[in-house]
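Heads up, the thing below is written out as structure tokens.
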């Protein structure tokens, strides 16, 4: 697995360090001898690598392990609170911030609501203010930050750190990555919002041992993060996972993408909220929704649905059936081991999950359908912010 | 790229031989010195490897190359006619056979028609008879065959060489691989029919330098072979690529899979043929089809459509629109660099290709749609048989 170092090869040195760290991460704690066996590196090489990693603060000695005959070995673990990363999920109505350390321990989770349609300038200001205020309060050293991950609901050019388009934020051609790099003074990684959730599920969630899986996020839009053969799949030009534009009704509602009858126009929170609001405005009686004088919110709709409101349940259920069509087609096409449904879907999953799995059973081929796990994310609305924070951390482990 | 041999390591030896052969395949001809530079192996190691490969008949010396100062170097090429592979495409109505050599030169192409619904026993008999008759006629030595690839329209268990289900052949749970291995006495590789076409496009076709692409075969069913990151993608349990069950009409025709309104029920040759036959039986006037006393065939329909037959054109066009929906969704979801439409589609592609690409433009996101090539296969009905023959050949090159 690791490669024996010959000469002063910086690449190999970093590669071997990452392998050692990742083994310790996976096993929680290992002795130098165990590391030597697992990596195939000599005890001398392992000693040298772990010495560097202890000196640099990535590892620490945590007392003695079990003896296998002879002296009890000193065990090594990842050092909590030694290095950090910050992740931001930039949504339509709020910004989420997560700070984690290299053990993936979550140190800070914040959310800041804002009005719809925030400008890039405003987001940069909020990120700067919130980050520096937080690290001061929490007494986290700025220089210990490995980097910042940004979760964006859109299509990105990751080489230039540029947002090509984020329709739900009304942003296009924005150089957000380089702007935030200046402000936060650390490496910045921009990533699609659904892919951030997939990273989260792969690093600390249900999919840590799964090679091929798809994370579907239901939000203002519907997108997917796809892992294939243990790694992120982005496609030819970085836009893979735009599953929200499955045509579920050939002559249906006009979608923002220019097509008609897309999944998003029936199953995204934005369209479901609009449909219910319009029905109520036009006189539909929906007594389980508190008929406030203000505007309906998504939370109000979910609450009303849990109380049995007929209109809300109907709209959520139709969305779930169409989402089931997309899940079935992904199962047929990609034959994944797991599909994780996340973000806003988790808020009403108990109401529609049976209907969705029934739909999948009816609509997907039996063979791949009987070999896939369909899961609801355990991270609720936080998966993308968590995944964004994990991006710089994964780099330490060579991922 | 290659690995320096230390000790008597059979794996490394074979790995290095494959690397050398693949470099020569890609460059057509190379000198030993060029091989040494490209592989990073010492001239001595390169000399040893090429000596073995010449002795075993994979390479031969083809005269002198250009001098770069000093003696003109001796050039090495793959040796034509030295080793062979055979591929069979087992279709609903015919068996295709291809024999090729390691230079991918096609030596034999045969097809044998049979009546619909052939048994496995019959197929094994035909394969045995046809293969041995052919190698006798063509004077090909049996012992020079590297193996046999079998293209099957179904879901396979490649580890056991077993066909799990091939609905259009009405086969399930058949141990075809091991049976044919006994009969032909060579290694057997079974592979999905659409994946065979994808292998063909990747090895000798339009996709030889493309990392991420999808080959769609329109036949009795509609399936896809997916390449991701330069390699075959099969999914968690080997059934990826079943794209024929996209729901294009929520309450449409019942499909063999149990779902309703699947793409296959509108755009596969079988359903299109059935629809046209039934319309004509029920009195629809379709004057450009020769109203023979016998049963309509697919070829008759394609001919009639080229002559402008209204019914045939209408059915082919509707199939193409729905196929366009599937292509659009694959573009959105997988963001491939190319999509190749093949097999029966190639017979009527000129009639519908404009409509299909127009549909894709309307229905896919502009960003990935503007970055994909939509192609018609150049191999017509032969792509799966060709791809099947390439499977044992690819192994020589470490693929």
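Laboratory data are not the source of any read-out in this text; all were calculated from the coordinates shown. Bear in mind that the values here come from a model prediction, so they are computed numbers and not experimental data. Heads up, the Cβs are rebuilt from the backbone with ideal geometry, glycines too, and the neighbour counts pull from every protein chain shown.
Each copy carries a label point for residue B:136 at 7 Å from Cα along the beta-carbon vector; from one copy to the others these points are 9.3 nm apart, nearest first.
With 0.36 nm allotted per residue and the present C-alpha distance subtracted, the residue B:44-residue B:111 stretch has 19.4 nm of extension available.
Can you bin the protein assembly as shown into rounded, prolate or oblate? Criterion: square roots of the alpha carbon gyration tensor eigenvalues sorted a ≥ b ≥ c, rounded for a/c under 1.5, prolate for a/b above b/c, oblate for the rest. Oblate is the answer for the protein assembly as shown, as a/c is 1.5 or above yet b/c matches or exceeds a/b.
Residue of chain B with the Cβ closest to the rotation axis carrying B onto A, and that distance rounded to whole Å: B:228, 3. Where both bridge residues fall in chain B, DSSP classifies roughly 65% of the beta bridges as antiparallel. Expressed to the nearest 5 percent, the antiparallel share of DSSP beta bridges inside segment A:210-378 is 50 percent. Mean per-residue shielding of peptide B:331-343 is 5, counting Cβ atoms of other chains within 10 Å of each Cβ.
Other protein chain C-beta atoms within 10 Å of residue C-beta, averaged over A:320-328: 2.
Residues within the reach of a label modelled at residue A:358 (point 7 angstrom out along Cα to beta-carbon, backbone nitrogen below 16 Å), restricted to segment A:299-322, are A:313-322.
Once you keep just the Cα pairs under 8 angstrom separated by 6 or more residues, what percentage relative contact order results for chain B?
Details: 754 pairs, mean separation 61.9, N = 399.
About 16 percent, as a whole number.
Between residue A:158 and residue B:55, take the C-beta separation as r, use R0 = 56 Å, and let me know the FRET efficiency to the nearest 0.05.
Details: r = 49 Å, r/R0 = 0.87.
Once the sixth-power term is evaluated, E becomes 0.70.
Rounded, prolate or oblate: pick one for segment B:274-399, where a ≥ b ≥ c are the square roots of the eigenvalues of its C-alpha gyration tensor, a/c under 1.5 means rounded, and failing that, prolate if a/b is larger than b/c, else oblate. Oblate, because a/c is 1.5 or more while a/b does not exceed b/c. With the highest mean first, a sort of the peptides B:171-184, A:364-377, B:206-219 on other beta-carbon atoms found within 10 angstrom per residue produces B:206-219, A:364-377, B:171-184.
Please report how far the C-alpha centroid of segment A:229-304 lies from that of segment B:160-230, rounded to the nearest whole angstrom. Cα centroid to Cα centroid, the span is 39 Å.
Cα axis of helix A:10-27 to longest principal axis of chain A: angle in degrees, 0 to 90, nearest 10? The two axes meet at around 70 degrees.
Relative to the longest principal axis of the Cα atoms of chain A, helix A:269-281 runs at roughly 20 degrees.
Taking the Cα atoms only, what angle lies between the long axis of helix A:383-396 and the longest principal axis of chain A, rounded to 10 degrees? Approximately 20 degrees, to the nearest ten. Let me know the shape class of segment B:164-261, please: from the alpha-carbon gyration tensor, a ≥ b ≥ c as square roots of the eigenvalues, rounded when a/c is under 1.5, otherwise prolate if a/b is greater than b/c, or oblate. Oblate.
FRET efficiency for residue A:67 and residue A:142, Cβ-Cβ distance as r, R0 = 56 Å, nearest 0.05? Let's see the in-between values first.
Working: r = 42 Å, r/R0 = 0.76.
About 0.85, to the nearest 0.05.
The same position residue A:70 in the other copies lies at 5.0 nm from this copy, comparing label points 7 Å beyond Cα toward the beta-carbon, shortest first. Annotation: extensible slack from residue A:274 through residue A:14 equals 88.4 nm (criterion: 0.36 nm per residue apart, minus Cα-Cα distance). Placing a label point 7 Å from the Cα of residue A:28 along the Cα-to-Cβ direction, the distances to the matching points in the other copies come to 6.1 nm, shortest first.
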